[in-house]
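The values are calculated or read from the model by the stated rules, or taken from the named source; none is laboratory data. Remember, predicted model here, so these are calculated numbers, not experimental data. Note: ideal-geometry Cβ built from the backbone for every residue, glycine included; neighbour counts use all protein chains shown.
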Amino acid sequence: MRLLVYKYLAESEIALSLSDLETYFEKSDKTTLYRTLKTFEQKNLVHSIDDGSRLTKYAFYKDECNCDLYSYIHLHFHCTQCDTTICLPGQKVPSFSLPEGFMATDANLVIKGCCSTCNHS
């Protein structure tokens with residue numbers, strides 16, 4: 001199952017939620033899919049995205065995507081029309097500094113709007 005999920009995420013152009021995977025792998029167990037995603041996230045194969053849709057989405061680390069908090073953070077785009085979320089690895093987030101005593105463990109920047117497909121409809 002892990003190989004199938006890995007392949008599906010690697011080939012996807014958009015970030016996918018657990019329910020997207022459940023729909024695609026309809027005969028699979030939800031718990032197995034969830035544990036697979038969490039394992040992939042721990043092994044830095046995927047990263048999670050909170051795009052404000054109330055569903056955590058997961059995107060495969062592409063070659064140009066190294067989402068380590070301290071070395072490279074990129075933008076994500078969430079289309080409010082079709083509810084898709086994509087990584088924008090070429091769009092870097094400007095560096096930031098936190099007040100003394102603060103330590104960042106995660107960062108997420110999501111631009112919301114209309115994707116190129118929906119914008120032409």
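Overview of values
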{"read-out": "Residue list for the range 8-27, restricted to those being over 20 Å from Cys79 (Cβ atoms) and modelled with pLDDT of 95 or more", "value": "Tyr8, Glu22, Phe25"}
{"read-out": "Residue count, the range 8-23 (criterion: in a helix (DSSP H, G or I) and either surrounded by 14 or more Cβ atoms within 10 Å (Cβ to Cβ) or touching a residue at least 24 places away in the same chain (Cβ under 8 Å) (or both))", "value": "8"}
{"read-out": "The range 79-90: number of residues that are part of a strand (DSSP E or B) and either aliphatic (A, V, I, L, M) or surrounded by 13 or more Cβ atoms within 10 Å (Cβ to Cβ) (or both)", "value": "6"}
{"read-out": "Number of the condition not met by His120 [criteria: (1) loosely packed, with under 10 Cβ neighbours inside 10 Å; (2) of a type outside the set (Gly, Ala, Ser); (3) at pLDDT 85 or above]", "value": "(3)"}
{"read-out": "Checking Val5 against (1) at pLDDT 95 or above; (2) not in a helix (DSSP H, G or I), the condition it does not meet", "value": "(2)"}
{"read-out": "Qualifying residue in the range 62-72 (condition: modelled with pLDDT of 90 or more and at negative phi)", "value": "no"}
{"read-out": "Of residues in the range 94-117 being at pLDDT 90 or above and of a type in the set (Gly, Ala, Ser), the one surrounded by the most Cβ atoms within 10 Å (Cβ to Cβ)", "value": "Gly113"}
{"read-out": "Count of residues meeting criterion [part of a loop (DSSP other than H, G, I, E, B), in contact with a Ser or Thr (Cβ under 8 Å, 6 or more places away or on another chain) and under 12 Å from Thr85 (Cβ atoms)] in the range 105-121", "value": "1"}
